[in-house]
Each structure stands twice: as C-alpha cells, then as structure tokens.
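The values are calculated or read from the model by the stated rules, or taken from the named source; none is laboratory data. From a predicted model like this one, the values you see are computed outputs, not experimental measurements. Positions of Cβ are backbone-derived with ideal geometry, glycine not excepted, and every protein chain shown enters the neighbour counts.
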C-alpha cells in the first residue's frame, strides 16, 4: 500500500514540488525531506531535479519508467513553453527528432543545460515581449505549454541555432500549414528584421502568396546564421543566400 501523502499528491498530478508536498502534509520541511528520501528508496517517487519529483505508477520499476519528455521539461522552469526544434517536430514541420528538448522561459534560471533520465534539456530565456504565442496541450494528463505553429516558425527564424538551422524551419514554411494573418502579427511583434527577411525570401522561393512589408535596410544578413558567410546576395530581402537553393527546394 502506498503512502497516503503520495496518493494525495497523485490526485493533483504526476509531478510535484517540495512546496506542494508541504501544503498537503502536516510535516515540517526537514521531516518531509526525510520522508521523500524514504519514498524514493522504496521506488514510489523519483527525483527529476532538486525540489521536484515525479510519482511512479504502481508496479513500475525504478529508473525504467519516465514521463513524456515535454512533461518533464515543463517542470524544470516556470513559466515554461516548449519551443524551437522540439515544437517544430511536435507540429509535424520536420521529421528530424532533436536530441535536446528546448524550453523557453522568462525566469532567470541559472542552470541552462540539464540532463534528466538520459535526455538533454536546454532552457532559453526570453524577454517578456517575446514570450507569446503559447498553446496548452495535454500530455499524460498534464498541461504543457508549447509554441503554436506560427510562433514556432517565427522563433526558429529568430534563432536558427535552436532548430538545426534554417533548412529545418523552411519545411514548415513550405507546407503553408499556418495562419498568414497571425504570422504577420508575430513577425511584427518579435522585433527582428532578420525574421521578416528570412521568411520573405523563403515565401518567394516556395510561392507562398502573402503580402509582406518591404525591407528598409542597407545591410545584409545571413539567410542562415549557423552557416559560413558566403553566397549570392538577394537585394530584395537584403540577405546573403548561404544555403543551396536546390537543397532548400528538395
């Protein structure tokens, strides 16, 4: 029979923090930590990181059961939002499965790179005005925030290094599986002309019918900042095309 505290916590969700456990118990913090250590040894709970635990299902083997990677990512920082390459894959914009789960936040969490149960997590801090475009999904009966299709594309054009390069996000643009009005709104809100330029160039390449503002700049940016600075110049979008167009069209 499981501990009564574990049963109470399980009714609230599949993960919990020490603070949440304190509210549901009549123990002091030191006594609670001792109890949690015992429960972990018995295989009823497992620590995700300091102060955060997941509840193991009855009959499961310790270190052989884990929650969905996005659920665990959502416990690492608050506020949270799964984004970039992870969101690209979730929305079906790329068949590539990233080895790292990317989590956005506005908090000042010190530890940016973490490994939990063999999975790597990267926490990326955004300014408040860039933390938008979230949708709530339910995974393993747990609410998880993830960037919507439009914000995922915009974020990846803003920081291509977090999505495997422009060639990955280009697949999402080519699919045209996004709301054009929302995309224009998000491009304006993100405050980076590089997003407009990259998006505009790729829309032209794939024949996406969308009316975009012109670029008011004399300087040139790289189509893909993760690649070497070489290639032809595109005067319309003020970009150095440092990717092979044939590969982009393939």
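What to note about this one:
- Residue within region 227-245 that is farther than 28 Å from residue 132 by Cβ, in the same structural domain as residue 155 (by TED's automatic domain parsing), more than 23 Å from the chain's Cα centre (by Cα) and in a helix (DSSP H, G or I) present: yes
- Just so you know, in region 99-118 the residues that are modelled with pLDDT under 90 and touching a helix residue (DSSP H, G or I) at 6+ places or on another chain (Cβ under 9 Å) include one that is surrounded by the most Cβ atoms within 10 Å (Cβ to Cβ), and it is 116.
- Subset of region 198-232 (residues that are surrounded by 16 or more Cβ atoms within 10 Å (Cβ to Cβ) and closer than 17 Å to residue 150 by Cβ): 198, 199, 200, 202, 203, 208, 212
- Any chance residue 92 is out of contact with any strand residue (DSSP E or B) (no Cβ under 9 Å at 6 or more places or on another chain), outside any helix (DSSP H, G or I) and farther than 20 Å from residue 226 by Cα: yes
- Residue satisfying all of: in region 1-23; modelled with pLDDT of 90 or more and in a helix (DSSP H, G or I); nearest to residue 50 (Cα to Cα) among these: 18
- Residue 108 being touching a strand residue (DSSP E or B) at 6+ places or on another chain (Cβ under 6 Å) and closer than 24 Å to residue 47 by Cβ: no
- Residue within region 102-122 that is touching a residue at least 60 places away in the same chain (Cβ under 8 Å), assigned by TED's automatic domain parsing to the domain that holds residue 151 and in a helix (DSSP H, G or I) present: no
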